[in-house]
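Please treat every number below as a calculation from the coordinates, not as lab data. Since the structure is predicted, the reported quantities are computational estimates derived from the model, not experimental observations. Heads up, the Cβs are rebuilt from the backbone with ideal geometry, glycines too, and the neighbour counts pull from every protein chain shown.
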Amino acid sequence: MAELRAFAPGRVNLIGEHTDYEDGLCLPFAIAQGVTVTAEPTGGREVVVEAADLGEADRFAIGEERPAPNGWRAFVRGAAAELSAAGHEVRPCRLRIEADLPRDAGLSSSAALTVAVCLALLGRDDDPDRVALARLCSRVENDWAGQRTGLLDQLASLLGRDGRALRIDMRGPELRHVPLELGGHRLAVLDSGAPRALAASGYNERRAECLRARELLGVEALRDAPPDPDLPEPLASRVRHVVEENARVDAAAAALEAGDPARLGALLGASHASLRDLFDASTPEVERAVEACRAAGAIGARMVGGGFGGSVLALFPPGGQPPPGALAVEARAGARLL
Ligand code: GLA
């Protein structure tokens with residue numbers, strides 16, 4: 001096995017937030033920025049890892065991976081362990097991790113890291129089904145890093161295509177690429193800078209509420225719930241968000257197909273209002289970032305990812321100038337060997 005390099009991108013979810021773990025719909029795209037992992041074969045029976053941008057390192061014996069306290073090591077060890085458990089051969093090597101994707105900005109740096117490590121460890125001859133690989137990476141996040149996240153980030157990173165968004169129906173999942181043509185409009189993300197300390201607990205709390213609503217309604221997933229369920233608050237509002245957000249995903253895909261960026265902008269705004277008012281996942285910093293984008297001329301802006309901080313996505317008209325610090329984002333190809 002010669003040295004090889006694997007790249008996995010971060011993602012932006014155009015719309016369809018807090019729907020993936022309720023069997024719902026999402027419309028993410030992979031971005032240009034991501035994580036690159038170089039694998040150099042070695043002897044012995046260890047994987048030696050260097051996180052170049054952090055100046056940190058790790059090493060573990062293949063087949064004897066132990067959980068690491070949360071942080072990048074948990075993802076690397078988990079990826080190696082889950083690949084072995086799924087019957088893939090993990091060979092001894094030296095891994096070097098480099099990233100040009102901001103961490104903790106809600107752009108799925110952890111999914112990008114896990115996917116890139118998996119592709120680097122799998123090598124050129126082992127090319128598993130990408131949906132199965134997304135599920136494996138999601139197990140790493142759930143079981144090794146203790147984040148009860150869904151499948152959105154991993155599918156987007158693995159299955160993104162240049163110039164396309166990916167409509168995902170999590171029931172299946174069923175996947176359909178939709179041209180992301182915006183008629184000269186541009187998308188940009190702005191990091192809210194909110195402290196991420198509460199993000200994981202807020203996310204897990206919302207998931208627990210959704211689960212409770214599901215049990216009370218006797219449905220398999222909230223996508224099957226009525227939009228106006230007979231439930232106490234805040235559960236009724238949580239359900240309404242999920243049901244209406246699913247409808248907005250199809251409306252957004254239709255707006256893209258019809259070449260109607262104004263309609264898309266309005267849907268982004270409606271999604272944000274719902275995440276703020278019905279799902280209660282915003283923070284003052286996120287609201288300020290949305291306002292900054294609107295003040296700069298955005299025709300739609302909303303929080304992306306799990307909320308409680310992270311980045312805001314905004315749609316700017318032709319010639320519009322995103323606010324200082326914003327990062328222009330475009331749909332690019334998904335994870336690959338370089
Ligand atoms: C995070 C999770 C995803 C998804 C989003 C919310 O990004 O990793 O699985 O639940 O939040 O849409």
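Just round it to a whole percent: the fraction of Cα-Cα distances in the chain exceeding 26 Å.
46 percent
If only Cα atoms are counted, what is the Rg of the range 1-69, and what is its Dmax, in Å?
Cα radius of gyration and Dmax of the range 1-69 are 17.2, 46 Å respectively.
Classify the range 10-159 as rounded, prolate or oblate from the Cα gyration tensor: take a ≥ b ≥ c as the square roots of its eigenvalues, call it rounded if a/c is under 1.5, otherwise prolate when a/b beats b/c and oblate if not.
It comes out prolate by the Cα gyration axes.
Most exposed first by the Cβ proxy, i.e. fewest other Cβ within 10 Å, how do Asp191, Asp20 rank?
Going from sparsest to densest Cβ surroundings: Asp191, Asp20.
Find out how many positive minus negative residues lie around Cys93, taking Lys and Arg as positive, Asp and Glu as negative, among other residues whose Cβ is under 15 Å from that of Cys93.
-1
Would you list Ile299, Ile97, Ile15 from fewest to most Cβ contacts within 10 Å?
Values: Ile299 20, Ile97 23, Ile15 28.
Lowest to highest Cβ neighbour count: Ile299, Ile97, Ile15.
Calculate, in nm to one decimal, what Ala57 and Arg263 gain on full extension: separation in residues at 0.36 nm each, minus their alpha carbon distance.
Result for the pair: 69.4 nm of gain on full extension.
Using 0.36 nm per residue, how much length does the chain from Glu40 to Arg294 gain when fully extended, once their Cα-Cα distance is taken away? Please report the intermediate quantities before stating the final value.
Details: separation 254, 0.36 × 254 = 91.44 nm, distance 4.68 nm.
So the chain would gain 86.8 nm between Glu40 and Arg294.
Got a sec? How would Arg161, Arg103 order by Cβ neighbour count within 10 Å, fewest to most?
Arg103, Arg161
Using unit Cβ charges (K, R positive; D, E negative) and no other charged atoms, how large, in debye to the nearest 20, is the dipole of the range 31-94 about its Cα centre?
100 debye
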